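Take a look at the structure set out below.
The values are calculated or read from the model by the stated rules, or taken from the named source; none is laboratory data. Since we're looking at a predicted model, the values are computed, not measured. Cβ coordinates were reconstructed from backbone atoms using ideal geometry, including for glycine residues, and neighbour counts include every protein chain displayed.
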Amino acid sequence: MEASSTIGKNWSLCVFASFIGCVALIIFLNDGQNRVKHSSLRNVGISILVPNLTSSELLGSRNLIKNEHTYLIKNDLNPMKVEEVQCNIFDGKWVYEPEGGPQYTAVKCPFLSEQVSCQRNGRPDFEYEKWSWEAKNCDIPRFNGIDMLERLRGKRVIIVGDSLNRNQWESLACLLYSAIPPSRALVDVRSGVYKVFKAKDYNCSVEFYWSPFLVQLKQENGSRILSLDKMSPLAQKWRGADVMVFNTGHWWVHSGKLKS
């Protein structure tokens, strides 16, 4: 009887100890799980792959960001490297276009100089007029006289220099002249020192001034002397121009009578 009582007490003690151990284990496991969850929420960031967005698009997405957690938005997409292609209009080649042709001819430009008109000098064919310049890596649009006149509306262009710039003036003046009715243009080429083209409806002018040295040239004791520190007397007339184009060089290497 006493032995049975002792066994019952020991069994009750084991059951109670087991119950206490189970409760302690459950509490420990729950606490550890909560700490793991808390640590995960605190230390783990969410990475979202997004395409390249503008600042306004990013600002417009602020409502997606929660206050409880920080969403780490990063862009793992490497930006595309676009190789910039340089355009050099002087690097290219002449291309023959059978159906091509100039925008003006000597007939359409009566003030074109005799020395630059191949037809007036006896050339019978027109094939040379079908060559055009094609620059490498450049998309050069075909010249548009009306568009040019609109850009020059109310402006004054001066071209100063020797015969090279005179040819440039003649070419530009002929291009603009052929784009409008002859009655709406004013051209004066009577002087070898000064030439002018004016478009009446656009209030613009393109002028040429003969000045091969750009500086002052004097005649003293039968010799011509250049004053490198003084501008040509014509420089007073260049003032007020919106666009200025100058050239010089060829006349500096003349020899013989021209040099004297």
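Computed quantities for the displayed model
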{"item": "Candidate set from the stretch 243-260 (those that are assigned to a loop (DSSP other than H, G, I, E, B) and modelled with pLDDT under 90); member that is farthest from N203 (Cα to Cα)", "result": "G256"}
{"item": "Residue check, Y104 of a type outside the set (V, I, T), at pLDDT 95 or above and surrounded by 14 or more Cβ atoms within 10 Å (Cβ to Cβ)", "result": "no"}
{"item": "Selected residue [of a type outside the set (S, T, N, Q), touching an Asp or Glu at 6+ places or on another chain (Cβ under 8 Å) and within 27 Å of N144 (Cα to Cα)] from Y202, Y209, Y177", "result": "Y202"}
{"item": "Any hit, the stretch 235-242, residues being of a type in the set (D, E, K, R), part of a loop (DSSP other than H, G, I, E, B) and free of Cβ contacts under 8 Å to residues at least 24 places away in the same chain", "result": "yes"}
{"item": "Unmet criterion (only one of (1) in contact with a helix residue (DSSP H, G or I) (Cβ under 9 Å, 6 or more places away or on another chain); (2) in a strand (DSSP E or B); (3) exposed (fewer than 15 other Cβ atoms within 10 Å of the Cβ)) for D201", "result": "(2)"}
{"item": "Those residues of the stretch 137-161 which are within 28 Å of G249 (Cβ to Cβ) and at pLDDT 95 or above, in sequence order", "result": "M148, L152, K155, R156, V157, I158, I159, V160, G161"}
{"item": "Candidates S171, S178, S183, filtered to the one that is within 14 Å of K108 (Cα to Cα), within 33 Å of the chain's Cα centre (by Cα) and free of Cβ contacts under 8 Å to residues at least 12 places away in the same chain", "result": "S171"}
{"item": "Complete set of residues in the stretch 204-234 that are outside any strand (DSSP E or B), surrounded by fewer than 17 Cβ atoms within 10 Å (Cβ to Cβ) and in contact with a strand residue (DSSP E or B) (Cβ under 8 Å, 6 or more places away or on another chain)", "result": "P233, L234"}
{"item": "Exclusive hit being at pLDDT 90 or above, exposed (fewer than 13 other Cβ atoms within 10 Å of the Cβ) and among the acidic types (D, E), set E99, E134, E114", "result": "E134"}
